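Chemist: I have a structure here, written as structure tokens, and I will follow up with some questions on it.
The values are calculated or read from the model by the stated rules, or taken from the named source; none is laboratory data. Given the structure is predicted, the values throughout are model-derived calculations rather than measurements. No Cβ is skipped: glycine too gets one built from the backbone with ideal geometry, and neighbour counts run over all protein chains shown. Each accessible area value is taken on the protein alone, full model and side chains, heavy atoms only, with ligands, DNA and RNA left out. Shrake-Rupley method; radii C 1.70, N 1.55, O 1.52, S 1.80 Å.
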Amino acid sequence: MAKLYEKYEALFQELELASSEKEFTYFKKPCIGAMMFFALQHKDEMCGTNGLPLTPNSISILGRSQILKTLKHIGIAQHIDLVRGKHEKLIIVFEYWNYTLYNIIESGGISVEQIKHLAHQILSALAYLNKRGIVHRCLSPDNILYNKDTRQIKLYNYGIYYITDSGSEVNFPIGTPKYMSPETLVQGLNKDYISGPKVDVWSLGIILTELALGRVLWKELNLSQTFRKILSLIRGDADNVFERLAREQDHLETYKTLPEELKDFINQCLRTNLETRPLPQLLLDHPFLSNAQDNICPAPSPVGRKLLLNSRPLDEIYHLWQLAGGDVWREMKKEGLNRFKPPFLTTLKIVTREGQWVGETKDDNIRYDTRVVSLSIDSLIERLAHIPPSAYFPLFETEYPVKRYLDKDKEKDNLSPLPLIIRERDTEYQFHRIVQLSRLLEAYPYSKVMSQIIKEAKIDIPPFLRHKVWTCLLHVKGNIEDIYARINKEKWTPTDRQIDVDIPRCHQYNELLSSKTGHTKLKRVLKAWVASHPQFEYWQGLDSLCAPFVFLNFNDEATAYACFSTFIPKYLHNFFLHDNSAVVREYLSKFSHLIAFHDAELANHLSEINFIPDLFAIPWFLTMFSHVLPLHKLFHLWDKLLLGDASFPLFIGVSILQQLRETLLSSGFNECILLFSDLPEVDIEQCVTDSINIYCITPRSITFRTHESQHTRLEGADLQRHNQSLGEFCSSLNRGRLVGSDEHKVKETQSPCYRH
Amino acid sequence: MTVVADFKYYKNEDISASITLPLTESIVELSHHIIEEQKLHPYEEDDLLNALENFVYSNNENHNDKQSNEALNITLCVNNDEDIIRYWEKQFKEETVSYGDKSGSSDSELFSTAYHKLVHSGIALDTMLQVEQSYAHDVAKLIQQRDEQIEKLTKDQEDMMNKKLEEVQTGNISSEEINNLEQMHIEQQSFMLVKWISKIDTLKETQRREFRDWVMKLLEEHQRTITLQSSFSSPSSPAVIKTFPPITSVLHETNDPQISSLEESFTIHLGSQMKQIYNIRILSANILDLCSIPYDTSNNEQQAQRIQTALALYTNDLCGTVLLTDINVDSMGVSKDFIEEASKSSDFHVDSIDKQLDIIKLHALDARSAENYTNTGSKKKGLIPGDVVITKHSNLCLAHLVFHMMVDESLYSSDMNSRHYIILAIRNIMKVCCSYDITTLTIPLLLGHEMTENMTVQWCTKRAELVLKCVKGFMIEMTSWGGSELKNLQFVVPKGISEEVFNSLATMLPSIFRVSNPLVFKVK
């Protein structure tokens, strides 16, 4: 072990030595690009079929785009993010560098072997996309990135047709004219037409024709001439389109030199009869590609220094880049995009009573611009330049503390007292946190790592990894996908109607949760829970409770469901019984006791004006505050809640009352009701700190509940058998109780999370 | 589309199930349901899944292929190639940059950029406002002269007419001659009016041209010498800028010193979980004063407002004001008082109000003919109550855009409800605000500009409650429209309102909107 550690140290020293050199260039930098487009604006319609206002198209697109984040394939550029702006503006962020297949075609001189290699790569990428129900639709050499060193290709812009609901949510046509298939063209006027995977095969055929002939097709033709050319291909010999194209281009000589297999391959791609044009998956078996895999890419020859940042995933780099001040909108503006006419110049002339707009001036700047802007990562690289290489590979052996880390740790200790909101925006701090936690998370569910994760989570949870950390804290493991898949979420149940009413009112300020995709996902998870827990009922509020999990695990319903269904028994055991009055009554009376224990004056005042917890606290506890707090605040609250036990929510309730103490003491019954009808702004960090403090100084016996789940109940707490009548105003003090609180001090050390 | 699927699976046994395509769940989930429903054995899972996958994929493929082949055949038969080509050409030309026409910046865009840069440069702002002021002064002087001359002419004519009438009584002149004289007087009047109008218009046109040229030149100068030299020469002659006497004495006095004595503002929040903050103000004023032209250099508040309006002109924070126009009085959509007010100075950025009205008239005809209004009767051509006409202004004190809402007598009825066309018109206006970055909106709270007999206390409260509640609903709705959100909302009540009524309306605001309670920073 010690030897291993020494080896590790030596490696770091070497790395650090290398980093001290002054003059260097990085061999490869992270490459991220961004492209802007506009969603179609709803104008006249008043509301949708459910009587609620229409969801803007940009929201629908955003919801549908989330799935792209899960696509991982060597042949496609990684989708990183979709950012939504005002007035239906959208920016799509993805892996990108500035060299495409178009540059290759222009320079010409491609060998048949290379064509084979390219065709194979493109086809396997297309087959991967098809399997996930995605059709590229605008495949063109411009949309294929090419790496000169490794000869690797990556498709990009493959998601646009899918995320815009087959192009129906944008104004512009999706496709590149020259590469559009004849069937796409002829169905242009048919609004219901949805392209299948075979349109991409056609595009591939044209691209390969260009590569094989070493010539850009129809370069000097204008739009209508190009379309006419494509349409002419549906007439005449449909089995030999490639030869016809070669003849037309005066390249028959080149054509004749090409191997028969390649000719056949291209001809199959360019078949106008859809039934005979094969799918990408099938084409992969074509004899032309028989030994394409053998074509080994040359290894990159590194020139310059290796950038350690490249060892982090792209989406993480993008997240850090944003923390370091990166802003896609600004980058767009720098390149002359995202500039529009001032609204004063474009306003309309008349709005009719029916809501029709007359006399608008169209802004040409909202047309679709395919230009991709490369985001400059340099600022982030600079920001992280001084970070030692060892920080990228943290060690966790407690026996061998990394010396170098000690001073870093001190720094962190200084940082901790800073407010959480500031820590969450600190690039370097977040970098360290993410690296550390993701390393720990990789080891989950190895049991030894749990205590480490809890220790780290106690400091704070980086927003970038929150979904994973929460999953660990809730001890979710096992084959959750399978469990989830087996639950029938389609079958109609009587609660469906209520769910349908509740979901469009649940955290709708949030872009993801207000999208159609978000609604569907939330509904499925809720229905899965209802179906798999027949002893419980759907109570209103369950939607709010479920929303944070669906939001965090938007692409992973199974995890969301698993988290949700372990969260409920832990904190809300039996709250969703058909008759939950006994459970709720006990809970609320415990809440009253707790208020009385910590703030007698407030308790007296509240009981004097008869403002009992039943009047305001039920939605608090039934939804664990998710009904009254916006998500960003709720996350900070639940970050701590998940570390606490089932009684912790009661303390949060007390600390909220503490914050509003002055107002409450000076208010009568009516003012109090009004105040809580819409929870006023709460300083959430204060609230969290307060509730932990109160939690630590409160004897466990006060919060002992008979209705608490046996699994979560703390040992020792049930020694206090003097379960006083619930109607009592405050918990009665007797000798046994005082002994109990002494004992609690001993027991408290067993409570996993809040040891002090 | 529901299909009944028959497929072979494990050991070639047939099974049929009804499947709705496209699938709303994953194929794996579907296979579990079928296993559950048909009570299959768990070990048959994989085979079933394979069979299902094949079935679903090939079904999709066949459907796609068939549809496309049919369409191709149709084109082969009908030869509609040209339609198709035209359609795609239009799509690509109009909606994409790479295939669309390269359009350079228009004149107005260039000017707007120049103006915006200068006005925000800090140095030129004062000069520019002074120039505007001097121009406005010139126009005002001309208008004053016009009014004086016309008054004099009218008086002369009256005198002459009276003299002649006396002669008629004595019988020296026939009534025919009187008629001729009257005819002549009318002609004189209209001739003079036309003369003045053209004179004023010419002046405005010259001013506009000079101003625009000057701004462009100024910008060039400014860019050449970024060193702070405030020696900008003004357009025509260097001596134009001088101090002016307040013009208020020249014009009819509209400015009551107590213009804003009745005024109250609140900061409120909306939303149940995510709270949005807005500023709301209620004030008693003549709403036309809010869109008046600021001449009075001594009125600091008005000058500040003027600067604010100039600074925000080409930004994404515009101001809008809702004005009511009685459609029975001013059928062209904009009230005479407003036209008079707006044409008191030249507008350097947009067309003059008359020109704007001409264009609007054309559009109004368009709007109705486009919709199918034949069934509601042919007399409804042009504007109807509930329509809103929008005019743009750069010279007004507190408004860039004015929404002229067409109303009729139903406005005064006491049983207006939330489905009334005027409430819908407010919603339409707010939607425009949302799309065009109008973040400050002024609305007449009682939907009337003046206090009338029937505006009892009860009536006022009821009306204010209706408007406030509806506006609140629209504001909540607005947050989901994805445009810009209102920041400031002003409610104006007529000037003559009693303090008592005003106070009762003002107290209504915090009860309808939730006043935000700020987080108080406590020193520990």
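Chemist: Straight-line reach from A:Lys448: which aspartates and glutamates fall under 18 Å, measuring Cα to Cα and dropping same-chain residues less than 8 apart?
Modeler: The reachable aspartates and glutamates, counting only those whose Cα sits under 18 Å from A:Lys448, are A:Glu397, A:Glu399, A:Glu456.
Chemist: Where does region B:38-144 land on Rg(C-alpha)/(2.2 N^0.38 Å)?
Modeler: Numbers: Rg = 33.4 Å, N = 107, 2.2 N^0.38 = 13.0 Å.
Ratio of Cα Rg to 2.2 N^0.38 Å: 2.57.
Chemist: Other chains' Cβ within 10 Å of B:109-120 residues: what's the mean?
Modeler: Rounded to a whole number, the mean comes out at 1.
Chemist: For region A:459-602, what's the relative contact order in percent, using C-alpha pairs closer than 8 Å and at least 6 residues apart?
Modeler: Here the relative contact order equals 26 percent.
Chemist: What's the ranking of B:68-74, B:41-47 by average number of surrounding C-beta atoms within 10 Å, highest first?
Modeler: Result, highest mean Cβ count within 10 Å first: B:68-74, B:41-47.
Chemist: Can I ask one more? Taking the Cβ-Cβ separation of B:Thr267 and B:Ile197 as r and a Förster radius of 60 Å, what is the calculated FRET efficiency to the nearest 0.05? If you can, show how the numbers build up before the last one.
Modeler: On the way: r = 47 Å, r/R0 = 0.79.
For B:Thr267 and B:Ile197, the calculated efficiency is 0.80.
Chemist: If you don't mind, another one. Obtain the nm distance between the two label points defined at B:Glu109 and A:Glu490 by a simple spin-label model: each point lies 7 Å from its Cα along the Cα-to-C-beta direction.
Modeler: Placing both labels 7 Å along Cα→Cβ, they lie 5.1 nm apart.
Chemist: Just the ratio, please: alpha-carbon radius of gyration of region B:383-441 over 2.2 N^0.38 Å, N its number of residues.
Modeler: On the way: Rg = 12.9 Å, N = 59, 2.2 N^0.38 = 10.4 Å.
The reported ratio for this selection is 1.24.
Chemist: Same structure, new question: Taking every alpha carbon pair in region A:97-294, what does the distance histogram look like in 10 angstrom bins from 0, in percent?
Modeler: So the P(r) values, bin by bin, are 9, 38, 40, 13, 1.
Chemist: Work out which residues of region B:13-60 lose at minimum 20 square angstrom of accessible surface when the other protein chains are put back, relative to the chain isolated, with a 1.4 angstrom probe, and list them by number.
Modeler: Buried on complex formation: B:Thr24, B:Glu25, B:Glu29, B:His32, B:His33, B:Glu36, B:Glu45, B:Tyr57.
Chemist: Given a cut-off of 27 Å, name the pairs among A:Lys116/A:Lys154; A:Lys362/B:Lys344; A:Lys333/A:Lys521; A:Lys86/B:Lys102; B:Lys204/B:Lys361; A:Lys154/B:Lys102 whose C-alpha atoms lie farther apart than that in the structure shown.
Modeler: Numbers: A:Lys116/A:Lys154 16 Å; A:Lys362/B:Lys344 31 Å; A:Lys333/A:Lys521 35 Å; A:Lys86/B:Lys102 25 Å; B:Lys204/B:Lys361 23 Å; A:Lys154/B:Lys102 31 Å.
Exceeds cut-off: A:Lys362/B:Lys344; A:Lys333/A:Lys521; A:Lys154/B:Lys102.
Chemist: What is the spread of the Cα atoms of region B:61-113 along each of their three principal axes, largest first, in whole Å?
Modeler: 57, 26, 13
Chemist: Per residue, how much accessible area does region B:247-515 show when a 1.4 Å probe rolls over the protein heavy atoms, in square angstrom?
Modeler: 40 Å²
Chemist: Here is a further query. Cut-off 16 Å, label point 7 angstrom out along Cα-to-Cβ of A:Thr361: give me the residues of region B:196-213 whose amide nitrogen falls inside.
Modeler: Residues B:212 fall inside that zone.
Chemist: If you roll a 1.4 angstrom probe over the protein chains with everything in place, what fraction of the accessible area of region A:480-571 belongs to carbon and sulfur, to the nearest %?
Modeler: 56 percent
Chemist: If you take the accessible area of A alone, add that of B alone, and subtract the area of the pair, what total do you get in Å², probe 1.4 Å, to the nearest 100?
Modeler: Separately minus together, A and B give about 8500 Å² buried.
Chemist: How about region A:198-247: which of its residues lose at least 10 Å² of accessible area in the presence of all protein chains relative to their chain isolated, using a 1.4 Å probe?
Modeler: Correct list: A:Lys198, A:Leu223, A:Ser224, A:Phe227, A:Arg228, A:Leu231, A:Ile234, A:Arg235.
Chemist: For A:Leu307, what residues show an amide H to amide H distance below 5 Å, using hydrogens built from the backbone and excluding near sequence neighbours?
Modeler: Amide H neighbours of A:Leu307, under 5 Å, 5+ apart: A:Phe27, A:Lys28.
Chemist: Right, next: State the volume of the convex hull built on the alpha-carbon positions of region A:480-571, expressed per residue in Å³ and rounded to an integer.
Modeler: Hull volume over Cα atoms, normalised by residue count, gives 92 Å³.
Chemist: Suppose we compare each residue of region B:312-330 in its chain alone and in the full protein complex with a 1.4 Å probe; which ones drop by at least 20 Å² of accessible area?
Modeler: Those are B:Leu313, B:Tyr314, B:Leu318, which lose 20 Å² or more relative to the chain on its own.
Chemist: Please quote Rg/Rh for region B:2-95 to two decimal places, taking the Kirkwood radius as Rh and restricting both calculations to Cα atoms. Could you put the intermediate results ahead of the total?
Modeler: On the way: Rg = 20.1 Å, Rh = 16.2 Å.
So for region B:2-95, dividing Rg by the Kirkwood Rh gives 1.24.
Chemist: A further question on this structure: If the viscosity is 0.890 mPa s and the temperature 25 °C, what Stokes-Einstein diffusion coefficient in µm²/s follows for region B:406-524 when Rh is the Kirkwood radius over Cα pairs?
Modeler: It diffuses with D of about 156 µm²/s by this estimate.
Chemist: Might you tell me the accessible area per residue for region B:2-95, computed with a 1.4 Å probe and given in Å²?
Modeler: Heavy-atom SASA per residue in region B:2-95 reads 58 Å².
Chemist: Taking the simple approach of a point 7 Å from Cα along Cα-to-Cβ for both B:Asp326 and B:Asn454, what is their distance in nm?
Modeler: Computed distance between label sites B:Asp326 and B:Asn454 equals 1.2 nm.
Chemist: Calculate the mean, over all residues of peptide B:435-444, of how many other protein chain Cβ atoms lie within 10 angstrom of the residue's Cβ. Walk me through the numbers before you get to the answer.
Modeler: Details: counts 11, 8, 6, 3, 0, 0, 0, 0, 0, 0.
Mean number of neighbouring Cβ atoms from other chains: 3.
Chemist: Here's something else I'd like to know. Near A:Lys191, which aspartates and glutamates are there with a Cα under 14 Å away, not counting those fewer than 8 places off in the same chain?
Modeler: A:Asp165, A:Glu169, A:Glu183
Chemist: For region B:109-240, what is the convex hull volume of the alpha-carbon atoms per residue, in Å³?
Modeler: 107 Å³
Chemist: Report the percentage of all Cα-Cα pairs in region A:494-640 whose separation exceeds 25 Å, rounded to a whole percent. Walk me through the intermediate numbers first.
Modeler: Working: 3446 of 10731 pairs.
Of the Cα pairs, 32 percent sit more than 25 Å apart.
Chemist: Quick one: work out the % antiparallel among DSSP beta bridges in region B:247-515, nearest 5. Show your work: numbers first, answer last.
Modeler: On the way: 15 of 37 bridges.
Roughly 40 percent of the DSSP beta bridges within region B:247-515 come out antiparallel.
Chemist: Let me ask something additional. With a 1.4 Å probe and all protein chains left in place, how much of the accessible area of region A:97-294 comes from carbon and sulfur atoms, in whole percent?
Modeler: On the way: 3260 of 7290 Å².
Using a 1.4 Å probe with all protein chains present, region A:97-294 comes out at 45 percent carbon and sulfur.
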